[in-house]
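Shown next, in structure tokens, is the structure this report addresses.
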Amino acid sequence: MEITKIVITGGPCAGKSTALSWIQNAFTQLGYKVLFVGETATELIGGGVAPWTCRTNGDYQKLQLRLQIEKERIFEAAAEGMNAEKVLIVCDRGALDNKAYMNDEEFSRALASVDTNEVELRDSYDAVFHLVTAAKGAVEFYTCENNAARTETPEKAAVLDDKIISAWTGHPHFRVIDNSSDFENKMKSLITEISSFLGEPEPLEIERKFLIEYPDIDWLESLPNCKRLEIIQTYLKCPEGEEVRVRQRGIDGNYIYFKTTKKKVSGVKRIEIEKRLTQQEYLKLLMEADTEKRQIRKNRYCLTYGNQYFEIDVYPFWSDKAIVELEMSDEACEPVFPPQLKVIKEVTDDDSYKNASLAKI
């Protein structure tokens, strides 16, 4: 049985309600049992529990976070008992959406109230898909009439959209769907992105990789839409033609663990299967490490720019260059880089810049 939990998020008036209907239709046809965790804020505010009815905004946010987590646990427990091969749990907003409505102190206290940390909370979801508010690029369609809990002006909605993107930046599978096309094609793009992530019809990863000049670290760390992560990657013994690795990913002592198996299909396409591990499973698999390869340690800066998601890997053994990776659903897409990132050349097809090659002793 395969249970996948994803988040559909976005700024106000982004099309989430319609998106949920599209998801229901598309993935039921593909054999998924689709479950929906309703938007917690709308439920609470509609019931009279709101930031302006509670003693403080911080008190309200603690309650919302507790309810969000408990609802997801109930849906996960229910999914485990269902007679289905594939279950897709769709969260109408996730726990990290709350961060956009709090200051740093309130967010820290909210995390403490549920005994968790930001990395664990953010990465408890398998993938996150952000629909950009109509206030950014389609302002003529922006309205508050279809949601009684929505009160933002288009200007405030655009600011909130940026805050939500910032809150989720750092997640290993984060995608932003903008308003560059009409609304129907926006929905089709969302379905395509979810299908690509789920591996329908097969788990293909389309990845572009670029060699860049060593980035301005101070600039990256000053950006609200950029998050630093520490990664330790260990390659395991595996059959010829495959690549199997385990990865520790997180920051400040808070880590999650993955096992990834990759098989090359073409220059930019690979079949990729990823599995979340417990710390105990991770430590056990380290015993199967390929002794002909060293561990790869790196700082990864996850940067959201122009609705693109850049992963900038900075290695301790390089002082003049770094690697940028982008995952995409269409190999014909051309990335647009921030002017601060100076591209040397594309190295997608250059095996010497792959982590597996850099790990060779």
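The values are calculated or read from the model by the stated rules, or taken from the named source; none is laboratory data. What you see is a predicted model, and the numbers here were worked out from it, not measured in a lab. Ideal geometry is used to build each Cβ from the backbone, glycine not excepted, and the neighbour counts take in all protein chains shown. Ligands, DNA and RNA are stripped out before the accessible areas are found, and what is left, the full protein with its side chains, is counted by its heavy atoms. Shrake-Rupley method; radii C 1.70, N 1.55, O 1.52, S 1.80 Å.
Looking only at region 259-271, residues that are more than 16 Å from GLN233 (Cβ to Cβ) and either open to solvent by 80 Å² or more (accessible area, probe 1.4 Å) or at pLDDT 90 or above (or both) come to 3 in all. When we screen PHE174, PHE183 for residues that are touching a Cys at 6+ places or on another chain (Cβ under 8 Å) and modelled with pLDDT of 90 or more, the only hit is PHE174. Scanning region 338-352 for residues that are charged (D, E, K, R) and more than 11 Å from LEU211 (Cβ to Cβ) gives ASP349, ASP351. For region 37-68, a residue qualifies if it is open to solvent by 60 Å² or more (accessible area, probe 1.4 Å) and either over 14 Å from ALA110 (Cα atoms) or in contact (Cβ under 8 Å) with a residue 40 or more places away in the chain (or both), and the qualifying residues are GLU43, GLY46, GLY47, TRP52, THR53, ARG55, LYS62, ARG66. Within region 246-265, residues that are on the phi > 0 side of the Ramachandran plot sit with their Cβ atoms under 7 Å from residues that are of a type outside the set (S, T, N, Q), at 6+ positions apart or across chains, in these pairs: GLY250/VAL119; GLY250/LEU229; GLY250/GLU230; GLY250/ILE256.
Restricting the search to strands (runs of 3 or more DSSP E) fully inside region 272-361 and requiring at least 1 residues that are open to solvent by 20 Å² or more (accessible area, probe 1.4 Å), at pLDDT below 95 and of a type in the set (S, T, N, Q) gives 308-314. Of the residues making up region 125-137, those that are surrounded by 20 or more Cβ atoms within 10 Å (Cβ to Cβ) and either of a type in the set (Ser, Thr, Tyr) or part of a loop (DSSP other than H, G, I, E, B) (or both) are TYR125, VAL132, THR133, ALA134, ALA135. Scanning region 2-34 for residues that are over 26 Å from ASP162 (Cα atoms) and open to solvent by 20 Å² or more (accessible area, probe 1.4 Å) yields GLU2, ILE3, GLN24, ASN25, ALA26, THR28, GLN29, LEU30, GLY31, LYS33.
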